[in-house]
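Visitor: Have a look at this one before I ask anything.
The values are calculated or read from the model by the stated rules, or taken from the named source; none is laboratory data. Given the structure is predicted, the values throughout are model-derived calculations rather than measurements. Don't worry about glycine lacking a Cβ; one is built from the backbone with ideal geometry, like all the others, and counts go over all protein chains shown.
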Ligand SMILES: [Zn+2]
């Protein structure tokens, strides 16, 4: 699966503040008339007062007249931003933001009394919950756990004892083949199903236990005889109990059932879109990974229970149906119904099964023995060709790279109008968001980079994940880390112009940032609950997984990696593996006698990564490793990694042959250099997953060398120095003064990787200062950025550009310039927007600048209205995506509230966009507290749409909290998360959010005063 993050598209990691443009009114008049953008009659929430209350989830009468000023958490938390006077603002910065007309002082007495009462209530509820959770509920009442057999085996729905007491299924019975017949009714959104499972009893047993969720089972038979079944809903399991042991052998279990098509994004779910004639069209599609096949048919829903599948689908004749395998036959059932039967599948895991009923069109092409097709809604038939060509080229690449041809005779890529993940690798039937598959005529190379990356990732899964599958979700990285790494390898080879290398460097930086937190986890982690399984779909499995594979490939000599991988696929195809199996295959081909297993286990078993400290004295270099944590207080971690340390020096630094390797396995080791050197740079091109700190002299020498001639280091090495020194500063190991020392050279820099990394880091600090209302420092940071990047910003053209690298560079620079309102950026952007709009879009806005231009336009009522109209009618997905980001970047609170509501209820903005909307709104000063309030108030609704632990929830929580840096906000977040109980308090992302707020607080404490003198 490919997760979908807003930062991915179209400019990865471009997290620049986007919010403050001078045309915004200084003060928002909350009593002004209804806004000019279209509001439905049911949008009474826009009536000023009620909308404020609605955000907080309060009734209109809950506040007194004297509390009519905005009472969001901003006020209740005593946030200082309300105290900003317009004098302060205009003096401190050139941009002007919204301001609430209500005065802000201490919370009113009533507020405080209400607060105390709420706290007492919450505390009482927590105590009640605490006692209740210690027991098992049965029909007989509350029993203590572990005291009797009754509490070990849970009670089924009907009160009988359920015969199994583990989240994982027993191994005594395996599925061999499934015959699945389905009939979805797209009018009433239900489906009828029947599944016939050929099972193999491996060990004698009285029970068969399998998964089933949210379905109404009508009848079950076992070898032709009707049988009684039990259900234990919390674990989504059903069981068949037999009076005698079942002997070893094969049996047939038959189950008929009905269910609703899911209205969330998993299982067999319904989706809809509005065509260009304004007609709503419906479809049904599946998303099973990780745990939702059980919502479509009863099954042994664990990746190791591989089986074959034959699927039959009944549909109305106006639709088509698709599944993993090619269609064998269509039978006319009369009454306008037809039944499609698909070929028997290869041996595969349940999470890879897929089917779709829709009215899509397609284009096709053959590659070797495989027919490749791309499907989309009829309105978008012009946008499928790029995906088809790209998929064909990449399939050829993988067929040859893996030396194992793709085994199916067809491969469909389908763009689904409402789809939560980025894409899903179902074998033979890959599903995508429209944004990650469709490319319009005015899409830029950056849009193509995104589409190409997602296709490359999903195609790699056809081998890593589909052909060879991890045994269990603890090793999810074997699927995701590998597919992520292969996407970079394949694109580098097949599409060298897409500058994917710089993107991969950014991905490694992102993984390092996440893995430097205490709340991170090892690449391979024990998981059992559904929430824990969902949580594995994170940066560690994907991005760290890919990063350590790059490090390994860079350590092995030429060709060994590919050879080892090929052998691994050959040996384990159609079965399941653990990390160890991969390492052994690679060890066998390594000519250096490198124990891949010994080295790589240190990277998959420990959480985090090492910091290597370098101290040089003449030709003697002392190297020390320690676990790098942004907050290392009370850490007693003595993990050691086997680090294939690489380095270059002033003697030879740019050519790839200059790279030297030293294996650091101990805590400390000494490296003896053959000659005296002026400077050393470790972790060449940042190919290794570690960061490096030098002693004072070491940094001085490197900074000196960069100032003299920055080209002595590759641009990746320069970007890595910037990344590492900011991380070291955040951990407290170097002062911010030293960061600025390094950054002195940047005025000469014009390469994409170092400039975008520097802007990303400075942008993060700017946002924290801004949200803390440190307006003077924020303004100084603006001057600093202008001073260091101003001329480069001015040198950027606004014309069409073809180089991806140049586009990435200029879009980062101009988005920053416009957000800070420097170097005439907003004037240029407005001009371009007006010209484009008045020419009826015949003049062009370069696609890579569209987001920046639209964000500027979205700051006026008129511009926002035009953009909303475009959003509603556009069928060009990259453009639509950027339009939505612009709409969500507004500073107008009414519009912010409107977007939040519409994207959650899915009426005018699809719910799939809600995480993106939250992310964008949270970047702006005007919106981040509203968004936080909204998330809190709507938590139940949000977790109905997105599973607890899923990447969507991870993104929503991090977006909503990552810019808090005060004790008050920390307590507020802690209180909220601890109140969630089973709805999320145990999520790892919650720990991550709390840790991030604490780190922000510490950074502020340590640096606020010193920044005054340094900036
Ligand atoms: Zn994936």
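Visitor: Hey, residue 390 hits all of (1) within 16 Å of the ligand (Cβ to nearest atom); (2) part of a helix (DSSP H, G or I) but one; which does it fall short on?
Guide: Single failed check for residue 390: (1).
Visitor: Quick one: how many residues across segment 417-435 are away from the ligand (no atom under 16 Å from the Cβ) and not in a loop (DSSP other than H, G, I, E, B)?
Guide: Of the residues in that region, 2 qualify.
Visitor: For the condition under 27 Å from residue 766 (Cβ atoms) and outside any helix (DSSP H, G or I), what is the one hit in 991, 963, 954?
Guide: Working: 991 fails: outside any helix (DSSP H, G or I); 954 fails: outside any helix (DSSP H, G or I).
None of the other options fit; the residue is 963.
Visitor: Another question, then. For residues that are in contact (Cβ under 8 Å) with a residue 60 or more places away in the chain and more than 30 Å from residue 733 (Cβ to Cβ), scanning just segment 578-611, find the one that is farthest from the chain's Cα centre (by Cα).
Guide: Here the answer is 582.
Visitor: Continuing with this model, one more query. Tell me, please, whether a residue that is away from the ligand (no atom under 16 Å from the Cβ) and either within 19 Å of the chain's Cα centre (by Cα) or buried (at least 21 other Cβ atoms within 10 Å of the Cβ) (or both) can be found in segment 459-476. Spell out how you get there, then give the answer.
Guide: Pass one, segment 459-476, residues away from the ligand (no atom under 16 Å from the Cβ): 471-472, 474.
Now restrict to residues that are either within 19 Å of the chain's Cα centre (by Cα) or buried (at least 21 other Cβ atoms within 10 Å of the Cβ) (or both): 474.
Yes, segment 459-476 contains a residue that is away from the ligand (no atom under 16 Å from the Cβ) and either within 19 Å of the chain's Cα centre (by Cα) or buried (at least 21 other Cβ atoms within 10 Å of the Cβ) (or both).
Visitor: Enumerate the helices (runs of 4 or more DSSP H) found wholly within segment 490-558, keeping only those where 1 or more residues are over 21 Å from the mean Cα position of the chain (by Cα) and over 25 Å from residue 962 (Cβ atoms).
Guide: On the way: elements: 500-515, 530-535, 545-555.
The helices (runs of 4 or more DSSP H) meeting that bar are 545-555.
Visitor: Identify, from the list 438, 408, 450, the residue that is more than 16 Å from the ligand (Cβ to nearest atom), closer than 30 Å to residue 942 by Cβ, in contact (Cβ under 8 Å) with a residue 60 or more places away in the chain and not in a strand (DSSP E or B). Break it down stepwise before answering.
Guide: Working: 408 fails: closer than 30 Å to residue 942 by Cβ; 450 fails: more than 16 Å from the ligand (Cβ to nearest atom).
So the residue among 438, 408, 450 that is more than 16 Å from the ligand (Cβ to nearest atom), closer than 30 Å to residue 942 by Cβ, in contact (Cβ under 8 Å) with a residue 60 or more places away in the chain and not in a strand (DSSP E or B) is 438.
Visitor: Of the residues that sit in segment 977-988 and are surrounded by fewer than 20 Cβ atoms within 10 Å (Cβ to Cβ) and assigned to a helix (DSSP H, G or I), which one is modelled with the lowest pLDDT?
Guide: Selected residue: 983.
Visitor: Additional query: Surrounded by 15 or more Cβ atoms within 10 Å (Cβ to Cβ), touching a helix residue (DSSP H, G or I) at 6+ places or on another chain (Cβ under 8 Å) and in a loop (DSSP other than H, G, I, E, B): is that true of residue 264 in this structure? It would help to see each step written out before you state the result.
Guide: Values: surrounded by 15 or more Cβ atoms within 10 Å (Cβ to Cβ): yes; touching a helix residue (DSSP H, G or I) at 6+ places or on another chain (Cβ under 8 Å): yes; in a loop (DSSP other than H, G, I, E, B): yes.
For residue 264, the condition - surrounded by 15 or more Cβ atoms within 10 Å (Cβ to Cβ), touching a helix residue (DSSP H, G or I) at 6+ places or on another chain (Cβ under 8 Å) and in a loop (DSSP other than H, G, I, E, B) - is met.
Visitor: If we scan segment 439-454, do we find a residue that is out of contact with any strand residue (DSSP E or B) (no Cβ under 8 Å at 6 or more places or on another chain), on the phi > 0 side of the Ramachandran plot and surrounded by fewer than 24 Cβ atoms within 10 Å (Cβ to Cβ)? Break it down stepwise before answering.
Guide: So the first thing to find is which residues in segment 439-454 are out of contact with any strand residue (DSSP E or B) (no Cβ under 8 Å at 6 or more places or on another chain), and the list is 439-453.
Among the residues that remain, those that are also on the phi > 0 side of the Ramachandran plot are: none.
There is no residue in segment 439-454 that is out of contact with any strand residue (DSSP E or B) (no Cβ under 8 Å at 6 or more places or on another chain), on the phi > 0 side of the Ramachandran plot and surrounded by fewer than 24 Cβ atoms within 10 Å (Cβ to Cβ).
Visitor: Same structure, new question: Could you list, in sequence order, all residues of segment 792-823 that are out of contact with any helix residue (DSSP H, G or I) (no Cβ under 8 Å at 6 or more places or on another chain) and not in a helix (DSSP H, G or I)?
Guide: Residues satisfying the conditions are 795, 799, 800, 821.
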